[in-house]
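Reviewing the structure listed below.
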Amino acid sequence: MLWTSEILSNGVRLSMTSADGEEGYPGELKVWVTYSLDGAVLAINYKAQTTKTTPVNLTNHSYFNLAGHGCPNIYDHEVSIEAENYLPVDKTSIPTGEIASVENTNFDLRNPVVLGDHIANKLAGGFDHNFCLNFSKQRSPCARVYHRPSGRLLEIETTQPGVQFYTANFLDGSLKGKEGAIYPKHSAFCLETQNWPDAVNKANFPDALLRPGEEYDHTTWFKFSVLEQL
């Protein structure tokens with residue numbers, strides 16, 4: 001899709017209109033996504049309005065590697081996620097409908113885990129799961145990723161009720177980026193703040209429908225810093 005862009009004093013606003021019935025979705029949907037930078041904090045705000053009731057779930061699919069571009073894996077990253085529950089999935093990676101506690105499971109990331117050790121010994125293949133956050137729609141801590149060798153730290157806050165944690169399990173080295181870098185399996189991670197996957201088909205999941213007269217309005221903040229090494 002081609003979006004209309006508008007330059008702001010500290011960022012850019014992108015907008016588009018999806019016609020009623022496009023890709024089978026009801027309603028004319030207007031969408032605005034605003035990227036703004038305030039010091040070391042990148043904020044992404046999503047807004048949408050519709051003329052008919054329709055599912056809306058917007059997110060950002062950026063891949064991160066705090067070790068730097070072209071580094072082959074994220075095994076030395078320490079990750080924590082502020083979630084007491086997660087969504088088990090079936091063999092096609094669709095949530096089963098169960099909302100499971102992370103307590104005494106390999107999905108308990110409330111305290112930091114080192115990804116390499118955790119994936120190798122506790123979760124073969126890696127993460128591609130939704131972690132359940134609070135439903136307040138208020139700005140709340142979501143996740144923290146620390147790369148100890150460089151001291152780089154990424155902290156995420158959001159108004160969304162969930163975050164999909166993905167450890168690039170399906171990258172295979174066939175993609176090449178700038179300066180000829182290749183992207184193999186587990187060479188990056190994503191933390192996609194959003195509503196819970198398949199919520200439109202699960203009555204016990206947060207409502208994923210936007211109705212006429214309402215406004216979809218969510219923001220996620222990515223804060224970058226460097227901790228002093230001891």
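The values are calculated or read from the model by the stated rules, or taken from the named source; none is laboratory data. As the structure is a prediction and not an experimental result, all values here were calculated from the model. Positions of Cβ are generated from backbone atoms using ideal geometry, with glycine treated the same way; all protein chains shown enter the neighbour counts. Keep in mind that these areas ignore ligands, DNA and RNA; they rest on the heavy atoms of the full protein, side chains included. Shrake-Rupley method; radii C 1.70, N 1.55, O 1.52, S 1.80 Å.
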Segment S225-N85, length gained on full extension (0.36 nm per residue, minus Cα span): 47.6 nm
Tail beyond 23 Å, pair distance distribution of the chain (Cα, percent): 53
Coil-residue trypsin sites (Lys or Arg not before Pro) of the range 1-59, DSSP, other Cβ within 10 Å capped at 14: K52
Between the range 73-103 and the range 197-230, the Cα center-to-center distance that results, in Å: 16
Reciprocal of mean inverse Cα separation for the range 1-111 (Kirkwood radius, Å): 18.0
Rel. contact order, % - alpha carbon contacts under 8 angstrom, at least six apart, the chain: 24
Charge dipole of the range 16-118 about the Cα centre (unit charges at C-beta), most positive-ward option of N45, I94, F107: N45
Accessible solvent surface per residue of the range 55-184, calculated while the other protein chains remain in place, 1.4 angstrom probe, Å²: 50
Inter-centroid distance (Cα atoms) of the range 5-50 relative to the range 166-191, Å: 27
Relative contact order [Cα under 8 Å, 6+ residues apart], the range 1-49, whole percent: 28
Where GluC sites (Glu not before Pro) fall in DSSP loop in the range 98-155, at most 12 other Cβ within 10 Å: E98, E103
Solvent-accessible area, 1.4 Å probe, carbon plus sulfur percent, for the chain: 51
